[in-house]
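Notes follow once the structure below has been shown.
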2 protein chains.
Amino acid sequence: MQITIINIGDELLIGQVVNTNASTMSRMLTAAGMDVRKTLVVGDERQAIRDAVDEAMHTSDAVLVTGGLGPTKDDITKKLLCDYFGSELVESPMALDNVRRIFESRGYELTPVNRAQALVPRCCEVLNNDLGTAPCMWFPHEGRVLVSLPGVPFEMEWLMRNRVIPKLQQTFNTEVIQTKNILVQGIGESFLSDLIEPWELSLPANIKLAYLPVAGLTKLRLTVHGSYDPAILKGLYDLAGKYIVGEDCETLDELVHKTLTERGLTLATAESCTGGNIARLLTAQAGASAYFKGGIVAYSNEVKESALGVKHSTLAAHGAVSEATVREMAEGVRQRLGTDLAIATTGIAGPDGGTKEKPVGTVWIAVADANGTEAKLLQFGANRRQQNIDRSTNQAFAMLIRLICQKH
Amino acid sequence: MQITIINIGDELLIGQVVNTNASTMSRMLTAAGMDVRKTLVVGDERQAIRDAVDEAMHTSDAVLVTGGLGPTKDDITKKLLCDYFGSELVESPMALDNVRRIFESRGYELTPVNRAQALVPRCCEVLNNDLGTAPCMWFPHEGRVLVSLPGVPFEMEWLMRNRVIPKLQQTFNTEVIQTKNILVQGIGESFLSDLIEPWELSLPANIKLAYLPVAGLTKLRLTVHGSYDPAILKGLYDLAGKYIVGEDCETLDELVHKTLTERGLTLATAESCTGGNIARLLTAQAGASAYFKGGIVAYSNEVKESALGVKHSTLAAHGAVSEATVREMAEGVRQRLGTDLAIATTGIAGPDGGTKEKPVGTVWIAVADANGTEAKLLQFGANRRQQNIDRSTNQAFAMLIRLICQKH
């Protein structure tokens, strides 16, 4: 069963908005055992949408379309699909009830613009959108199906989970596809590739290996059609075990979240160059309050002193980006917030602020527990600010995971 | 001039990685006056890539392809393009110099796997990739062009800016496309649409209006083919001026960054439910240290007391999510960090932790300056954690902007 995803919107095509819908939908479909063959983005333009729909309807079993369903004038998907399938717009009582319910719950009056959202092509089946006023429409057509969803990410996601995927599974028979992630840190992609080549060559044909490097972390992803023997991983651990920090997570923040939650350990953060990024990645996950007590974003030196207790003499003698400072930051925040563990970062994220001695990309990271503090100097050698922030963040998470696994 | 972007990678197609390359490339091309008609994602599969390339080469003037150029076995783009254009692989002295330079600068030895990165199809022109070992390849073909770029985002971005866009501009003649953003906050998309309809209907044909709602903010984007009279905005301000918080920025964090930098005001943050998200959005921008002194992520009540000076009696009497607490958080952080302005957030991000009195989505936000503190209660009415965090963040930024514009 082959699926094409079409995301409609000028805002995507000119790059003002990152197309997270494609990845969310692909991830959900893949997890449900369906095969996404192509995703594409077209603008709010009749002919481009029509061409994309027509091509996809001739090459895929199911075509999922997002966007262009809002109440505003640039939203043209519904009328276009109505024409494409040779149908006519009628008011759907179910869609109208839904629009009315949502407006009532918000205490607003139903305007004619909003009432028009209940108009749908006669030939489609409406799948109720509990979270929004735009209807989700299911068009069966010559053994294939086209599904039109709103582009609002949380509405789309809810509809995929509760309406579209169950109905696709019911309509088509799908093969099981599993994925397995292994998180590798502390070795570059090409060196890792050389190191594990014997293992890679020994993999059976139904397992596909991909290298996904992101900000200093390489995610090895096994895509398995059918089933596999988990013992196959032993060969990988034999070759590269010391670089493997975890399995079955997408990111290191997810791994930290899982590890701290399972072990009942608490954490505080003291961030300079990462500017709150470590705290926000952890607190983005539900349940973080069980282990995350809080953090200090100590951007200026005054705040490093006043909020973390870094000594004035330390900053004067060694500077903000130094081993002595990062150690005092980690120890200070751990003590002041009363946690088992602490992370601290200080560095020069760039693009400016570097010196010959401490160029942009120079970062000190420390992790602390009751037994002591480990600090590490990193030289990322790049002057891209976001990259330096992301790499520092991943490095800090990896150091924390290793500390926990060794000592707790 | 029509451009198609093809991003290759199983990791994109199964949704493990969000395809930021498409939006980055689209944004850069649009800003350079070029017209992206379609972007698509295909997996690491010969036939799918070949079909996509072939279709695009028949319908576009330029086809930009990313991915599949790494040293590992799942990277197949180069050989495939070599076959497609009927050429053969030869070692490029320029590409080899580049690979050698990069390995030397990192202190690594050149392995055969990496040396193979200097092999390129004879029929292409190599555009030097200063930041990485994968070559960028320019294939002229019957008046059209295909460009193959590495998928690593920062290498791709550097190549686009320094190699590909200048060469496309030199090769093709392009029409100027301008965009103008207006940031609107405090009114829903459909109400805004009703409110500004007379103005929207009066826009000339060369101006296209789009509504881009994100987390409580609506970005109005005008896309202008050719030129326009800026006075045209007066009609919009007459109708919706009180909801407009700014122009010419993509996001509210960019607007806050610009406003604080220009006015020389300093800021501190006290975040509970936003968990560091406000701090990291500001510090992600180069130059934030000029105004951002630091922040406290006060996730637990103990940290609200110890690091921000919120009174124990306040928390006991009103709870952490209350007007009294958010005011003390804002005033506490402003005083302790010694800044002109402060932002504070406290709320129930969900999905758990709500009560009948304070359901998930209940958020208090405060902004403070030397003259006092303004606090606002928000009921987002949704139990999506990230959405509540993002909306709280945007609301806090909008309140800060309004405070600055009214009083500073």
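The values are calculated or read from the model by the stated rules, or taken from the named source; none is laboratory data. All of these numbers come straight from a predicted model, not from anything done at the bench. All Cβ positions, glycine included, derive from the backbone under ideal geometry; neighbour counts span all protein chains shown. For accessibility, only protein heavy atoms count, side chains too; no ligands or nucleic acids. Shrake-Rupley method; radii C 1.70, N 1.55, O 1.52, S 1.80 Å.
So the values come out like this:
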read-out	value
Restricting segment B:182-192 to residues that are touching a strand residue (DSSP E or B) at 6+ places or on another chain (Cβ under 7 Å) and buried (at least 20 other Cβ atoms within 10 Å of the Cβ), the residue that is farthest from the other protein chains (Cβ to nearest Cβ)	B:Gln185
Residue in segment A:308-325 that is farthest from B:Leu337 (Cα to Cα), counting only those that are buried (at least 17 other Cβ atoms within 10 Å of the Cβ) and touching a residue at least 24 places away in the same chain (Cβ under 8 Å)	A:Ser322
Complete set of residues in segment B:393-408 that are buried (at least 16 other Cβ atoms within 10 Å of the Cβ) and closer than 20 Å to B:Lys219 by Cα	B:Thr393, B:Asn394, B:Gln395, B:Ala396, B:Phe397, B:Ala398, B:Met399, B:Leu400, B:Ile401, B:Arg402
Residue tally, condition surrounded by fewer than 20 Cβ atoms within 10 Å (Cβ to Cβ) and away from chain A (no Cβ under 13 Å), over segment B:139-164	7
Residue under evaluation A:Tyr291, criteria (1) surrounded by 18 or more Cβ atoms within 10 Å (Cβ to Cβ); (2) within 8 Å of another protein chain (Cβ to nearest Cβ); (3) over 20 Å from A:Asp390 (Cβ atoms), criterion not met	(2)
Leading residue by the ranking (farthest from the other protein chains (Cβ to nearest Cβ)) among those in segment A:72-100 that are of a type in the set (A, V, I, L, M) and under 14 Å from A:Ile8 (Cβ atoms)	A:Leu81
Test: residue in segment A:52-61 that is part of a helix (DSSP H, G or I), within 26 Å of B:Pro213 (Cα to Cα) and touching a Ser or Thr at 6+ places or on another chain (Cβ under 7 Å)	no
Search result, residues across segment A:221-232 that are among the aliphatic types (A, V, I, L, M) and surrounded by 18 or more Cβ atoms within 10 Å (Cβ to Cβ)	A:Leu222
Checking B:Asp390 against (1) open to solvent by 20 Å² or more (accessible area, probe 1.4 Å); (2) over 25 Å from the mean Cα position of the chain (by Cα); (3) within 23 Å of B:Thr266 (Cα to Cα), the condition it does not meet	(2)
Meets criteria (open to solvent by 10 Å² or more (accessible area, probe 1.4 Å), out of contact with any helix residue (DSSP H, G or I) (no Cβ under 6 Å at 6 or more places or on another chain) and at pLDDT below 95) for A:Gln379	yes
Lone qualifier among B:Arg27, B:Arg37 - being open to solvent by 50 Å² or more (accessible area, probe 1.4 Å) and under 16 Å from B:Leu146 (Cβ atoms)	B:Arg37
Per-region count, segment A:241-266, residues in contact with a strand residue (DSSP E or B) (Cβ under 7 Å, 6 or more places away or on another chain) and under 24 Å from A:Ile182 (Cβ atoms)	12
Residues that are in contact (Cβ under 8 Å) with a residue 24 or more places away in the chain and among the charged types (D, E, K, R), drawn from segment A:16-44	A:Asp35, A:Arg37, A:Lys38, A:Asp44
Single residue of segment A:197-217 satisfying the filter (at pLDDT 90 or above and within 10 Å of chain B (Cβ to nearest Cβ)) that is least open to solvent (accessible area, probe 1.4 Å)	A:Glu200
Candidate set from segment A:58-71 (those that are out of contact with any Gly (no Cβ under 9 Å at 6 or more places or on another chain) and crowded, with 20+ Cβ neighbours inside 10 Å); member that is nearest to the other protein chains (Cβ to nearest Cβ)	A:Pro71
Residue among B:Val99, B:Val63, B:Val90 that alone is in contact with a Lys or Arg (Cβ under 9 Å, 6 or more places away or on another chain), within 18 Å of B:Leu146 (Cα to Cα) and touching a residue at least 24 places away in the same chain (Cβ under 8 Å)	B:Val63
Residue count, segment A:294-307 (criterion: buried (at least 24 other Cβ atoms within 10 Å of the Cβ) and among the charged types (D, E, K, R))	1
All positions within segment B:262-283 that are in contact with a Gly (Cβ under 9 Å, 6 or more places away or on another chain) and without any contact (Cβ under 8 Å) to a residue 24 or more places away in the chain	B:Gly276, B:Ala279, B:Arg280, B:Thr283
Qualifying residue in segment A:330-352 (condition: over 32 Å from the mean Cα position of the chain (by Cα), away from chain B (no Cβ under 12 Å) and crowded, with 22+ Cβ neighbours inside 10 Å)	no
Enumeration of residues in segment A:265-288 that are of a type outside the set (A, V, I, L, M), surrounded by fewer than 24 Cβ atoms within 10 Å (Cβ to Cβ) and in contact with a helix residue (DSSP H, G or I) (Cβ under 7 Å, 6 or more places away or on another chain)	A:Gln285, A:Gly287
Of all residues in segment B:40-50 being open to solvent by less than 40 Å² (accessible area, probe 1.4 Å) and part of a helix (DSSP H, G or I), the one that is farthest from the other protein chains (Cβ to nearest Cβ)	B:Ile49
Hits in segment A:324-370 (condition: at pLDDT 95 or above and of a type in the set (Lys, Arg))	A:Arg327, A:Arg334, A:Arg336
